[in-house]
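The values are calculated or read from the model by the stated rules, or taken from the named source; none is laboratory data. This is a predicted model, so every value here is computed, not measured. Cβ atoms come from the backbone with ideal geometry, glycine included; neighbour counts cover every protein chain shown. These accessible areas exclude ligands, DNA and RNA; they are computed on the full protein's heavy atoms, side chains included. Shrake-Rupley method; radii C 1.70, N 1.55, O 1.52, S 1.80 Å.
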2 protein chains.
Amino acid sequence: MKIAVLGTGVAGRTLAGSFTGRGHDVAIGTRDVDATLAISETDRIGNAPFSQWQGDNSDVRLMTFADAGAHGELVVNATAGGASLAALEAARADNLTGKVLVDVANALDFSQGMPPTLSVANTDSLAEQIQRAFPEAKVVKTLNTMNASVMVNPAGVPGDHDVFVAGEDADAKETVKGLLRELGWKDGNIVDLGGIRSARGMEMYLPLWLSLMAVYGQPSYNIKVVRA
Amino acid sequence: MKIAVLGTGVAGRTLAGSFTGRGHDVAIGTRDVDATLAISETDRIGNAPFSQWQGDNSDVRLMTFADAGAHGELVVNATAGGASLAALEAARADNLTGKVLVDVANALDFSQGMPPTLSVANTDSLAEQIQRAFPEAKVVKTLNTMNASVMVNPAGVPGDHDVFVAGEDADAKETVKGLLRELGWKDGNIVDLGGIRSARGMEMYLPLWLSLMAVYGQPSYNIKVVRA
């Protein structure tokens, strides 16, 4: 499938590399291709410059958001949550019409220091904002509740643990569940939470995730729902 | 130990009954004892009137918030989150001074219909509000991430699953961990998230819990953190 991954950060790179390795035709979208390629230093959390990553992942093409949006039959929003609506606007609404739009972003607000708060929460969610802004796209929230390394390699965390899915369009969710299975997620660990409003819970889980990160000192963990 | 449980709802009754069964001297606090005992109908979610419950749990005395606060060497806030600060005010700050104050409440706001939102979230939490309002109490957030039946009977949900603890006072958290062990929680399933700010994540988990409740149709579940 032709997939557009919007966002050149760790989540975008990791998903783009994984989808490419599974035979998909993947483009990564960015605001300014030249600016992205001109970055020569590791970022503040130690990630290599994009150009270095692309040297090892030459099958993944870097494009503008608009070109990536046109390329993808399915579009993944892996931008920083605070920049997501602008990135999707740049990808152009007409490029999103009728397509599955997989939202893996978290609206983290670092402006008040660490740990971050959320820039949208409680009475709304980023995924709902995106669905309202792009009503012709079929938004599916998923994968935002874990580190990128876990998204594409669930077996890297031992035992059963879960990935959540929320969205209004049943067919779009089936498409996304199929992609999740390709990434290694077992059917019994894909939990469909219903409509897009359930993205609130998925996004509001982030502060708990961040507290756990502080406790464990490493990001390779996830949660499993256990029930009677 | 002399324990005061503030709140006559399901969480308060369940904890009070469980602590009593384990040999503690428990009082339940309420705003108006006569009014609580005068209730003769089941509530909107099907719970029996308090007087009926107390007929089966006659070892648990019902008192005013102030009398319960004076009784308890340890105080549990199991009131509705929106009423917690007023209930604790009624229990009197001087009754809370130096004591462990276990906060199991969730600040659910039903005013906009179902599912509820939170009346405090993201940049603050109920537990932090309580700690600020009662600086001489040793607030420990715990148990709010699950149904009351799971709080006092973790073995009712099969396999390993976790309970979180957050608070500023290390000795208070040790006391609370001891109580959790009495309730059946294994050491390896008691996850200390650090200071009281981590209560934000514990409280903001509630919308995900509510989405899971809608999926499963029953409340006997909990989460387990799985890590590499």
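Before moving on, here are some points about what is shown:
- Against the list (1) more than 7 Å from chain B (Cβ to nearest Cβ); (2) of a type in the set (A, V, I, L, M); (3) buried (at least 23 other Cβ atoms within 10 Å of the Cβ), the condition A:LEU208 fails is (1).
- Condition check for B:GLU168: in contact with a Ser or Thr (Cβ under 6 Å, 6 or more places away or on another chain) and either modelled with pLDDT under 95 or surrounded by fewer than 24 Cβ atoms within 10 Å (Cβ to Cβ) (or both): no
- Condition met for A:THR117 (out of contact with any strand residue (DSSP E or B) (no Cβ under 6 Å at 6 or more places or on another chain) and of a type in the set (Val, Ile, Thr)): no
- Only one of B:ARG197, B:ARG227 that is of a type in the set (D, E, K, R), surrounded by fewer than 23 Cβ atoms within 10 Å (Cβ to Cβ), within 9 Å of chain A (Cβ to nearest Cβ) and closer than 19 Å to A:ASP160 by Cα: B:ARG227
- Test: residue in region A:79-91 that is over 19 Å from A:ASN144 (Cβ atoms) and either in contact with a Pro (Cβ under 8 Å, 6 or more places away or on another chain) or buried (at least 17 other Cβ atoms within 10 Å of the Cβ) (or both): yes
- Residue count, region A:159-171 (criterion: within 19 Å of A:ARG200 (Cα to Cα) and either within 14 Å of chain B (Cβ to nearest Cβ) or among the hydrophobic types (A, V, I, L, M, F, W, C) (or both)): 7
- Filter result for A:LEU96 (open to solvent by 10 Å² or more (accessible area, probe 1.4 Å), at pLDDT 95 or above and more than 12 Å from chain B (Cβ to nearest Cβ)): no
- Screening the candidates A:GLU136, A:GLU174 for the property of being away from chain B (no Cβ under 13 Å), surrounded by fewer than 20 Cβ atoms within 10 Å (Cβ to Cβ) and in contact with a Gly (Cβ under 9 Å, 6 or more places away or on another chain) yields one hit, A:GLU136.
- For region A:182-194, a tally of residues being open to solvent by less than 30 Å² (accessible area, probe 1.4 Å) and either among the charged types (D, E, K, R) or under 26 Å from A:ARG22 (Cβ atoms) (or both) returns 6.
- Residue check: A:PRO219 meets all listed conditions (1) crowded, with 16+ Cβ neighbours inside 10 Å; (2) in a helix (DSSP H, G or I) but one, namely (2).
- Checking each residue in region B:115-130 for being within 11 Å of chain A (Cβ to nearest Cβ) and not charged (D, E, K, R) picks out B:PRO115, B:PRO116, B:THR117, B:LEU118, B:SER119, B:VAL120, B:ALA121, B:ASN122, B:THR123, B:SER125.
- Residues being facing chain A (nearest Cβ under 7 Å) and over 14 Å from B:MET146 (Cβ atoms) - total across region B:211-224: 3
- Region B:20-42, residues that are in contact (Cβ under 8 Å) with a residue 24 or more places away in the chain and either open to solvent by 70 Å² or more (accessible area, probe 1.4 Å) or in contact with an Asp or Glu (Cβ under 8 Å, 6 or more places away or on another chain) (or both): B:THR20, B:ARG22, B:VAL26, B:ALA27, B:GLY29, B:ARG31, B:LEU37
- Residue in region B:116-136 that is over 30 Å from A:ASN153 (Cα atoms) and aromatic (Phe, Trp, Tyr) present: yes
- Residues in region A:44-89 that are out of contact with any His (no Cβ under 9 Å at 6 or more places or on another chain), over 17 Å from A:GLN131 (Cα atoms) and of a type in the set (A, V, I, L, M, F, W, C): A:ILE45, A:ALA48, A:PHE50, A:TRP53, A:VAL60, A:LEU62, A:PHE65, A:ALA66, A:ALA68, A:ALA70.
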